Amino acid sequence: MKKNELSELLKKMSIKEKVGQLFQPIGFAMMDDPAITGPLLESFKMRQEDVNICGTVLGMAGAKNARKIQQDFIDQHPHKIPLIFMLDVINGFRTIYPIPLAQAASFSPELAEECARMAAREAAASGVHVTFSPMVDLVRDARWGRVMESTGEDVWLSSQFAAAVTKGYQGEDIAAADKLGACVKHFAGYGAPVAGRDYNTVQLTERTLREYYLPAYKAAIDAGAALVMTSFNTIDDIPATGNKKLMRDILREEMRFDGVLISDFNAIGELVNHGLAADLAEAARMACEAGVDIDMMSSAYINNLEKLIEDKVVDESLLDESVMRVLELKNKLGLFENPFKGADEKLESELILCDEHRALARQAAEKSFVLLKNEGQILPLSEDEKIAFVGPYVDNKNILGAWSIMGKAEDAISVQEAAERILSGWDISINQGSPLLDADVKLEGFRGHEDEVYEQAAIDKMLEEAVTAARTADKVVLFLGEHVLQSGEATSRGQLDLPHVQLELLQAVAEVNTNIVVVLFNGRPLDLRMVQAKSAAILEVWMPGVEGGTAIVNTLTGQNEPVGRLPMTFPYSVGQVPIHYDTYSTGRPHRPGQDKDRFVSKYLDIPNKPLYPFGFGLSYTRFEYSEVVLDTDVIAVGSTITAAVRVTNIGDTDGTTLMQLYIHDVAASVARPVKQLKDTQHVRLAKGETQEISFQITEEMLRFNTADGRFDSEAGQFEVYIGDSSETENVATFRLEK
Ligand code: NOJ
């Protein structure tokens, strides 16, 4: 449709019909088997007459359903306006890839882009038009369960992933049959709730918000994201969903976002709970004035906007502005020409879990694993050893992550299944060893979740069998982790350790065999002190997706090399969080090793260093790298410095490492982080091979939010670090002259 046709359409609509375009009910209003999310399902009551004029639908998929619902809807709609079907396609649609945090561990935005492209293909064939992804909230606090949906703590890395994933979903043209509109979320600062408690207040200075939290949203917007979702939290004490400054001044004016702004689930209604609005009518007015176009699942708009406009409390031009944006999105998606878009039953069944998508899921999982420890090169395993596979994750298919809403555990390949297929002829025993959860823990999922409950006698027996197997094995591989429902939305934790019943298993096994490899399934950094102390090797596999089992077995046996690196710091203990590598020096910096200095910035009872730092991960081989060499030590606007190191593979096998470039502004108008990641490069080297790798440093990389409110660089001295984790001390210095 042409712009003027959209305007004509808008003119023909009544106020009520226009408000309908901004009303987003949940799919169950229209179908039998909806994907349901959110807290209001029981209490939410929708009127059929409102549903009949709604503009978009939440949580719907299935080509057959989508086509029928769309056709029936258009037939009865006074202006024949099609619906947009929106769904949380997060780490895949039905073929589930590793969780976003795991994808970030690959440090390969291109890989995440490919996962998004394949997810879009499946979802679009299934009738979905828009996905609520990517989530680009910066995270520094592992107590917050949604860190699993993020790409970690680093502003540069998150921005790379934000842009790549957006492009993956959208391609060049969201009207294409196999593309989705991307909705970047949650604007803004949702990843920084006080004390890691979900939905909690966010307290960020404007500088911190701009410097660290906003860039990833901006990267997604610059990459063309069609929608933005508001966040549940407050920003400067004003809930984001009613925050005019945030939405109108920053998002629309500064960031130049001209797409659709949708509230999070009932976030407009929650303006009342926040204590900003007295009732839903006031909430509707505030959200509308802030520029929120679509009201997801609160009745605030549909029940109040018409009257607010008739009473001249809200200007009709605000409604028109929002409705026009929704119509424009429908137009960009090509729905006026083809309201069914990619929905195609035959293609849907061909694409879902097809070999190509499964192969990508396996590759993505393999690239996301992080080897945290490998003492005495206990890994990879070899065929001539007697090995005991033990633990609640050996035969567990709940490895898709909490947001795999259309995913089915039965699609996943467990470790046991993969081992039986790939390792025939190996001497491997299999024992569960312990339940996954402590007896007193009950978890609730979106659709309810039943975990097996064990009698104490059964637990004792499991443990005994596992210990017996461990006693006679050369090596024990313990598959431990968080329950899939312990990470994700509304899963804040005050302790970050593994379930105690699993730690007891670890302890019991360690008493009879010290050759322990721990394979960890989890959605967030955990307190791994005991795991580190009792094991010889640790392989972090996150929630690895449908091909998890195969990818894990391939990695344990050396068919795949672990190349992942931590996208989030693993704290020493929960007392260190929030923690992130790009911290400030303070006026009294603690120097590692000088723990007796009293009046410096440090803990008395725990180390200052995390257990495993950002950017860390081992390979099956070892690497050495030279000092940093610069081609010049002066940079100016428009010029570059080449910073190089020589990397050598000094181990016994070919392998890949990730070289990381960090910069530190030594003296500036505001305190600057001790290091900030600016670039990375994967380097693959044959055994014994040396390669020079170089990075280009530009003046743009040195810019920040200055004391006088500019985004600019300042002349002076800088340090450049090149190394294999954020703890590298491999440094050279240069000057910026302006
Ligand atoms: C609430 C979550 O915060 C958001 O991320 C999600 O997209 C919506 N529910 C819709 O399911």
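Some points to look at:
- Residue match in region 521-537 (condition: under 25 Å from Ser726 (Cα atoms), polar (S, T, N, Q) and open to solvent by 10 Å² or more (accessible area, probe 1.4 Å)): yes
- Considering residues of region 5-45 that are modelled with pLDDT under 95 and open to solvent by 50 Å² or more (accessible area, probe 1.4 Å) only, the residue nearest to the ligand (Cβ to nearest atom): Pro39
- Lone qualifier among Met135, Met86 - being closer than 26 Å to Asp295 by Cβ, touching a helix residue (DSSP H, G or I) at 6+ places or on another chain (Cβ under 6 Å) and crowded, with 24+ Cβ neighbours inside 10 Å: Met135
The rows are residues; the columns are (1) of a type in the set (Asp, Glu); (2) open to solvent by 40 Å² or more (accessible area, probe 1.4 Å).
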{"site": "Gly425", "(1), (2)": "no, yes"}
{"site": "Ser434", "(1), (2)": "no, no"}
{"site": "Glu455", "(1), (2)": "yes, yes"}
{"site": "Leu463", "(1), (2)": "no, yes"}
{"site": "Val467", "(1), (2)": "no, no"}
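- Residues that are in a helix (DSSP H, G or I) and either polar (S, T, N, Q) or within 16 Å of the ligand (Cβ to nearest atom) (or both) were ranked within region 57-97; the one that is farthest from the chain's Cα centre (by Cα) is Gln76.
- Test for Asn374: is it more than 25 Å from Asp355 (Cα to Cα) and either open to solvent by less than 40 Å² (accessible area, probe 1.4 Å) or not assigned by TED's automatic domain parsing to the domain that holds Gly548 (or both): yes
- Test: Gly638 is at pLDDT 95 or above and surrounded by fewer than 13 Cβ atoms within 10 Å (Cβ to Cβ): yes
- If the condition is being of a type outside the set (D, E, K, R), in contact with a Leu (Cβ under 7 Å, 6 or more places away or on another chain) and surrounded by fewer than 24 Cβ atoms within 10 Å (Cβ to Cβ), then region 270-301 contributes Val272, Ala277, Ala281, Met286, Gly291, Ser299.
- For region 98-121, the set of residues classified as in a loop (DSSP other than H, G, I, E, B) and either at negative phi or touching a Pro at 6+ places or on another chain (Cβ under 7 Å) (or both) consists of Pro98, Ile99, Ser106, Ser108, listed by residue number.
- The sole residue among Ala124, Ala119, Ala105 that is buried (at least 24 other Cβ atoms within 10 Å of the Cβ), under 16 Å from Ser158 (Cβ atoms) and touching a Gly at 6+ places or on another chain (Cβ under 7 Å) is Ala105.
- Within region 711-738, the set of residues being open to solvent by 60 Å² or more (accessible area, probe 1.4 Å) and among the β-branched types (Val, Ile, Thr) comprises Val731, Thr733.
- For region 510-560, a residue qualifies if it is of a type in the set (Gly, Ala, Ser) and either part of a loop (DSSP other than H, G, I, E, B) or touching a Cys at 6+ places or on another chain (Cβ under 6 Å) (or both), and the qualifying residues are Gly523, Ser535, Ala536, Gly545, Gly558.
- Taking region 605-635 as the range and being of a type in the set (Val, Ile, Thr) and open to solvent by 40 Å² or more (accessible area, probe 1.4 Å) as the test, the residues that pass are Val629, Thr632, Val634.
- Count of region 260-291 residues which are in contact with a Lys or Arg (Cβ under 9 Å, 6 or more places away or on another chain), away from the ligand (no atom under 16 Å from the Cβ) and either in contact (Cβ under 8 Å) with a residue 60 or more places away in the chain or assigned to a helix (DSSP H, G or I) (or both): 4
- Qualifying residue in region 163-184 (condition: in a strand (DSSP E or B), within 16 Å of the ligand (Cβ to nearest atom) and closer than 28 Å to Thr706 by Cβ): yes
- For region 667-678, the tally of residues that are touching a residue at least 60 places away in the same chain (Cβ under 8 Å) and part of a loop (DSSP other than H, G, I, E, B) stands at 6.
- Qualifying residue in region 321-344 (condition: at positive phi, within 16 Å of the ligand (Cβ to nearest atom) and crowded, with 23+ Cβ neighbours inside 10 Å): no
- Every pair of residues 6+ apart whose Cβ atoms lie under 7 Å, when the first sits in region 540-561 and is open to solvent by 10 Å² or more (accessible area, probe 1.4 Å) while the second is part of a loop (DSSP other than H, G, I, E, B) and of a type in the set (Ser, Thr, Tyr): Gly558/Tyr620; Glu561/Ser619; Glu561/Tyr620
- Region 679-710 - residue that is more than 27 Å from the chain's Cα centre (by Cα) and without any contact (Cβ under 8 Å) to a residue 12 or more places away in the chain and, of those, surrounded by the fewest Cβ atoms within 10 Å (Cβ to Cβ): Gly709
- Within region 402-428, considering residues that are of a type in the set (Asp, Glu) and more than 19 Å from Ile352 (Cα to Cα), the one farthest from the ligand (Cβ to nearest atom): Asp427
- Near pairs, Cβ below 6 angstrom, 6+ apart or cross-chain, from region 616-641 (under 18 Å from Ile663 (Cα atoms)) to any residue that is assigned to a loop (DSSP other than H, G, I, E, B) and at pLDDT 95 or above: Phe616/Leu566; Phe616/Ser725; Val628/Asn730; Val634/Glu737; Ala636/Glu737; Ile641/Thr632
One line per residue, one yes/no per condition, for (1) under 24 Å from Pro613 (Cα atoms); (2) in a helix (DSSP H, G or I); (3) among the acidic types (Asp, Glu); (4) within 16 Å of the ligand (Cβ to nearest atom):
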site	(1), (2), (3), (4)
Ala439	no, no, no, no
Leu443	no, no, no, no
Val467	no, yes, no, no
Gly488	yes, no, no, yes
Ala508	no, yes, no, no
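The values are calculated or read from the model by the stated rules, or taken from the named source; none is laboratory data. What you see is a predicted model; the values in this text were computed from it and never measured. All Cβ positions, glycine included, derive from the backbone under ideal geometry; neighbour counts span all protein chains shown. Each accessible area value is taken on the protein alone, full model and side chains, heavy atoms only, with ligands, DNA and RNA left out. Shrake-Rupley method; radii C 1.70, N 1.55, O 1.52, S 1.80 Å.
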